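One structure is given below, encoded as structure tokens.
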Amino acid sequence: MNPTQVLLLCGGGSAEHEVSMVSANYLESELSKVSSVSVIRVEITKDEGWKDANGQPCRLNLDKTLNVGNTTVAIDYVVPCIHGFPGETGDIQSLLALSGLPFMGCDASASIVCFNKITSKLWFDAIGIPNTPYVFLTDNNAESIAQAEEAFDLWGAIFVKAACQGSSVGCYKVTDKAAVKQAIEDAFTFSHQVLVEKAVRPRELEIAAYHFNGEVIVTNPGEICAPEDTFYTYEEKYSTSSHSLTTVTPDNLTEENIAKMREYAEKAFVHLKLKDLSRIDFFLTDEGEVLLNEINTFPGMTPISMFPKLVEHNGHVFADYLESCIKSGVAAN
């Protein structure tokens, strides 16, 4: 039997391009352990279009084929390992759906909802999942700055976040009212909408929710421990000089804490119609409040990333998990 031809797409050209490349390295190494698949890796570059590992130009066609230089290859399945645009924004999913290709991860509509911090919070409210108090800003003007300053006065400290960015890009913690205006203006350079959230001092916990052999699997939470008085910035997530620590066996969590997080994670996964994989991030406050922070529809896959660690800790070999996604996707198509 011929192997399943898998297209591993990576890069993307966004602010998260380089992290996507590191994630693709890990996925490529894990896919190499699956004897039933053959992998073609293609990078979506920032300036030079789509390229294979040898620098040959590539083009995906609407008949489930890929042009690689002067060669045409039939594609059976796609792994879009692209953090941020266009991988988590619904853009690549729309292209793949139009091409009739099965792919790993959520469809376009779920991706769009989860990538936008505003629409995702509206969904959390609608389905009864607690989340951090917030204000939405849609224009970069004096009125928006006044709203943000009112929120600062009410909450004492705030996070200002670009609505449509991942990996903490365009995210600023503000503890001085004089810095609110600059944070708002900076966040608007990354997105057309901005979210202002109450700054809480929580524990940061993450759950992997994913499909395995047709079942929804929800893990116990792992924990991110960032240095004191900082938050989990892009640099803390991915820099080799990061001082943050991750653990898949957090201390001092009650059974009630864990049960709430797992309940909310499964509820979000099912009702937002997620597929194959997600990392669902929570805050746990000193008062014992469990707040859903955000959903990552294609979480980091670097050697230090939480999602693959949680899958393995939950008893599933990561290569077997990937094979399960591919088999179910190809069969459904």
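Details
- Crossing angle, helix 318-332 versus the chain [Cα axis fit, 0-90 degrees, rounded to tens]: 70 degrees
- Among (1) 20.1, 66; (2) 21.3, 67; (3) 21.1, 72, the entry derived from the coordinates for Rg and Dmax of the Cα atoms in Å: (1)
- Between T71, T45, T285, the Gaussian network model of the chain with springs among Cα atoms under 10 angstrom shows the greatest mean-square fluctuation at T71.
- Accessible area (Å², 1.4 Å probe, nearest 10) - H211: 40 Å²
- Average accessible surface area per residue within the chain, 1.4 Å rolling probe, Å²: 45 Å²
- Nitroxide proxy distance, nm - points 7 Å out along Cα→Cβ at A142 and F190: 2.8 nm
- Anisotropy class of segment 4-105 from Cα gyration tensor, a/c 1.5 cut: rounded
- Estimated at 0.36 nm per residue, the fully extended path between I127 and I40 surpasses their Cα-Cα distance by 27.3 nm.
- Point-to-point label distance, E263-R201, nm (Cα→Cβ direction, 7 Å offset): 2.9 nm
- Segment L98-N252, length gained on full extension (0.36 nm per residue, minus Cα span): 50.7 nm
- The chain - percent of accessible surface contributed by carbon and sulfur, probe 1.4 Å: 50 percent
- For the residue pairs K46/K309; K161/K181; K64/K275; K198/K273, alpha carbon separations beyond 18 Å are given by K46/K309; K64/K275; K198/K273.
- With all protein chains in place and ligands, DNA and RNA left out, the 1.4 Å accessible area ranks D276, D153 as D153, D276, largest first.
- Rounded to 0.05, the FRET efficiency of the S32 and D176 pair, given R0 = 45 Å and the Cβ-Cβ distance, is 0.35.
- Taking the Cα centre of the chain as origin and assigning +1 to Lys and Arg Cβ atoms and -1 to Asp and Glu Cβ atoms, the resulting dipole is close to 820 debye.
- Proximal aspartates and glutamates to K33, defined as alpha-carbon separation beneath 20 angstrom and excluding residues fewer than eight positions away on the same chain: D76, D276, E312, D320, E323
- Value of Rg to Rh for segment 248-309, rounded to two decimals, is 0.97; Kirkwood radius and Rg both from alpha-carbon coordinates.
- Computed on the chain, with alpha-carbon pairs under 8 angstrom and 6+ residues apart, the relative contact order is 18 percent.
- Extreme residue, positive dipole direction of segment 256-333, given options V311, S328, I258 (C-beta unit charges): S328
- GNM result for the chain, Cα springs below 10 Å: residue of E266, E256, E88 fluctuating most strongly: E256
- Inter-centroid distance (Cα atoms) of segment 20-88 relative to segment 256-320, Å: 26 Å
- Label-to-label distance, nm, for residues given as D63 and T285 (7 Å Cα→Cβ offset): 5.9 nm
- Calculated translational diffusion coefficient of segment 134-198 (4 °C, 1.567 mPa s; Stokes-Einstein with Kirkwood radius over alpha-carbon pairs) equals 117 µm²/s.
The values are calculated or read from the model by the stated rules, or taken from the named source; none is laboratory data. Predicted, not measured: the structure shown is a model, and the values here were computed from it. Ideal geometry is used to build each Cβ from the backbone, glycine not excepted, and the neighbour counts take in all protein chains shown. Areas reflect the complete protein model, heavy atoms only, side chains present, ligands, DNA and RNA absent. Shrake-Rupley method; radii C 1.70, N 1.55, O 1.52, S 1.80 Å.
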